[in-house]
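Take a look at the structure below.
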Amino acid sequence: MTSVEARQVLTLDEIDLSDIEFWARPWAEREGAFALLRRERPLAFFEEPEIPSELALVMPKGPGYRAVTRHADVTEVSRHPEIYRSGQGATSIPDMPEEMLEYFGSMISTDNPRHARLRRIVSAAFNPRMIKRIEEHIELVAGSVIDRVAGLGGCDFVVDVAARLPLEIICEMMGIGPADYGTVFNASNIILSQGDPEYVQEGADPLLAFMTAAQDLTALMAELAEARRGNPTDDVTSALVNTNIDGESLTAAEVASFFVLLVVAGNETTRNAISHGLLALTEHPDERALWRAHPAAIAATGVDEIVRWGSPVIWMRRTVAEDTVLGGEELHPGDKVILFYNSANRDEDVFLDPYRFDVRRSPNPHVGFGAAGPHFCLGAHLARQEIDVMFRQLFERLPDIESVGEPDRLRSSFINGIKHMDCVFTPVAPAG
Ligand code: HEM
């Protein structure tokens with residue numbers, strides 16, 4: 001059964017990936033547009049998105065970009081960081097002004113040698129051995145999240161379930177207490193909202209909203225950092241403030257932007273993967289029955305199929321540093337390339353029947369966490385573990401849970417987000 005097909009509605013020349021209205025189109029129409037681009041214009045050129053007038057002063061419109069839509073080209077770019085650089089910004093199409101880079105320019109937007117130096121500080125906390133160590137804890141948190149809704153028979157799955165587990169886990173890893181979970185939830189919603197009107201009110205200054213959200217997180221961090229400096233615990237904030245590489249500590253701005261990156265990346269993306277997972281499993285009852293019947297065996301492939309299917313992070317940017325050729329086309333220094341992971345994840349040359357949601361798909365060389373290269377998602381092991389635990393517990397405790405109605409989607413080209421989605425299930429008593 002196929003729920004998302006590629007419906008071709010737009011012609012090649014009508015496709016404009018920079019128009020936010022494109023991203024408001026039904027999913028099947030967007031798939032149709034990307035299928036056409038992969039086939040006919042795999043490195044299509046687009047003008048840059050319109051920048052809200054309040055931002056235009058500090059973020060002038062740039063020269064445009066190439067949309068990289070084939071799997072082979074996304075993989076090629078990711079593998080050559082010396083040619084395709086991240087330092088001019090990986091998460092924004094326009095170059096970011098200095099004052100924004102201070103908060104949003106952490107290691108995701110750096111190149112070697114700085115990138116390797118920054119990544120080394122936190123990589124241990126996210127390696128498979130460490131994630132294994134907190135597995136029991138992830139189980140406990142997932143259990144308590146389900147306990148809070150078990151008796152209700154229904155809830156907003158995104159806000160009450162999918163968002164809770166990654167939020168609580170990343171906060172704990174960073175050393176943030178429960179009293180501040182609300183601040184983290186709201187701030188990361190705003191930072192990744194691309195100005196969606198639910199998070200940045202119509203007419204409000206988006207730059208101010210992003211900066212205020214980042215400052216809220218930074219204020220939280222400053223308090224924590226003060227406590228951890230000289231008195232380290234085993235949390236990640238302690239590693240950030242007490243690190244000393246070649247006699248050098250991170251500057252206050254580096255600690256702040258690192259903190260913002262980890263908190264935001266750690267909670268928005270996995271939330272959307274879990275939400276897309278429930279939606280896909282509801283729409284594909286046979287796949288769901290299979291997962292329920294063999295949770296351990298299916299999770300090994302099903303979790304990655306959810307990430308391929310939902311592609312929660314739609315793109316990352318790179319900037320060309322030297323003359324080169326990609327997919328037979330010449331590129332020059334300063335050219336921007338945007339890696340569309342959602343498109344690579346449906347590439348017919350790589351995936352058999354790409355529009356089929358197949359929890360046993362193997363091999364599954366999806367690029368939902370990025371393609372192989374130095375920036376490959378730091379949190380991939382953690383995210384996989386969270387998705388696995390969440391669906392195992394949901395199937396055990398609320399076996400008939402399903403999504404109902406149309407999900408309320410985020411208006412964004414960057415995050416394939418679901419803001420709200422109702423779910424129903426037979427109520428049960430909380431276990432805890
Ligand atoms: C399903 C969930 C997730 C998805 C789909 C996802 C996706 C991605 C993608 C596409 C990239 C960019 C890769 C590249 O440029 O090559 C990335 C990088 C990153 N992710 Fe994730 N991510 C997820 C969960 C997490 C979690 C739980 C964390 C925890 C902190 C995290 C932290 C990061 C960080 C820090 C980077 C930057 C790595 C670097 O530049 O070296 N992510 N992620």
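Please state which one of VAL325, VAL389 is more than 30 Å from GLY143 (Cα to Cα) and either more than 16 Å from the ligand (Cβ to nearest atom) or open to solvent by less than 10 Å² (accessible area, probe 1.4 Å) (or both).
On the way: VAL389 fails: more than 30 Å from GLY143 (Cα to Cα).
Exactly one residue qualifies, and that residue is VAL325.
Here is the figure for the range 207-225: residues that are open to solvent by 60 Å² or more (accessible area, probe 1.4 Å), over 17 Å from GLY105 (Cα atoms) and in contact with a helix residue (DSSP H, G or I) (Cβ under 6 Å, 6 or more places away or on another chain) total 0.
Among the residues of the range 82-91, some residue qualifies, meaning at least one is more than 26 Å from GLN194 (Cβ to Cβ) and in contact (Cβ under 8 Å) with a residue 24 or more places away in the chain.
Quick one: which of VAL122, VAL141, VAL149, VAL158 is within 16 Å of the ligand (Cβ to nearest atom), over 30 Å from SER238 (Cα atoms) and part of a helix (DSSP H, G or I)? Lay out the reasoning, then the answer.
On the way: VAL122 fails: over 30 Å from SER238 (Cα atoms); VAL141 fails: over 30 Å from SER238 (Cα atoms); VAL149 fails: within 16 Å of the ligand (Cβ to nearest atom).
When all the criteria are applied, what remains is VAL158.
Report, by residue number, each residue of the range 392-404 that is in contact with a Lys or Arg (Cβ under 9 Å, 6 or more places away or on another chain) and either surrounded by 23 or more Cβ atoms within 10 Å (Cβ to Cβ) or among the hydrophobic types (A, V, I, L, M, F, W, C) (or both). Matches in the range 392-404: PHE395 only.
Would you check if VAL74 is in contact with a Leu (Cβ under 6 Å, 6 or more places away or on another chain), open to solvent by less than 50 Å² (accessible area, probe 1.4 Å) and part of a helix (DSSP H, G or I)? Before you say what the answer is, go through the steps one by one.
On the way: in contact with a Leu (Cβ under 6 Å, 6 or more places away or on another chain): yes; open to solvent by less than 50 Å² (accessible area, probe 1.4 Å): yes; part of a helix (DSSP H, G or I): yes.
Yes; evaluated as a whole, the condition is true for this residue.
Residue count for the range 22-65, restricted to those that are farther than 30 Å from GLU406 by Cβ, at pLDDT below 95 and in a helix (DSSP H, G or I): 4.
Residues in the range 309-321: is at least one out of contact with any Ser or Thr (no Cβ under 8 Å at 6 or more places or on another chain) and of a type in the set (D, E, K, R)? Looking through the range 309-321, none of the residues is out of contact with any Ser or Thr (no Cβ under 8 Å at 6 or more places or on another chain) and of a type in the set (D, E, K, R). Of everything in the range 193-210 that is of a type in the set (A, V, I, L, M) and at pLDDT 80 or above, the residue that is farthest from ILE415 (Cα to Cα) is LEU208.
Can you say whether PHE210 is among the aromatic types (Phe, Trp, Tyr), within 16 Å of the ligand (Cβ to nearest atom) and not in a loop (DSSP other than H, G, I, E, B), as far as the supplied structure shows? Break it down stepwise before answering.
Details: among the aromatic types (Phe, Trp, Tyr): yes; within 16 Å of the ligand (Cβ to nearest atom): no; not in a loop (DSSP other than H, G, I, E, B): yes.
Taking the combined requirement at face value, the residue does not satisfy it.
Pick out the one residue from VAL404, VAL389 that is part of a helix (DSSP H, G or I), of a type in the set (A, V, I, L, M, F, W, C) and over 18 Å from ALA289 (Cβ atoms).
Working: VAL404 fails: part of a helix (DSSP H, G or I).
Result: VAL389 is the single residue among VAL404, VAL389 that is part of a helix (DSSP H, G or I), of a type in the set (A, V, I, L, M, F, W, C) and over 18 Å from ALA289 (Cβ atoms).
Checked against the criterion of being in contact (Cβ under 8 Å) with a residue 60 or more places away in the chain, touching a strand residue (DSSP E or B) at 6+ places or on another chain (Cβ under 6 Å) and open to solvent by less than 40 Å² (accessible area, probe 1.4 Å), the candidates SER238, SER275 yield just one match: SER275. For the range 331-346, how many residues are open to solvent by 10 Å² or more (accessible area, probe 1.4 Å) and in a loop (DSSP other than H, G, I, E, B)? Total satisfying the criteria: 4.
When you scan the range 313-322, how many residues do you find that are assigned to a loop (DSSP other than H, G, I, E, B) and either open to solvent by 10 Å² or more (accessible area, probe 1.4 Å) or of a type in the set (Gly, Ala, Ser) (or both)?
Selection size over the range 313-322: 2.
The values are calculated or read from the model by the stated rules, or taken from the named source; none is laboratory data. From a predicted model like this one, the values you see are computed outputs, not experimental measurements. Heads up, the Cβs are rebuilt from the backbone with ideal geometry, glycines too, and the neighbour counts pull from every protein chain shown. SASA here: full protein model, heavy atoms, side chains in, ligands and nucleic acids out. Shrake-Rupley method; radii C 1.70, N 1.55, O 1.52, S 1.80 Å.
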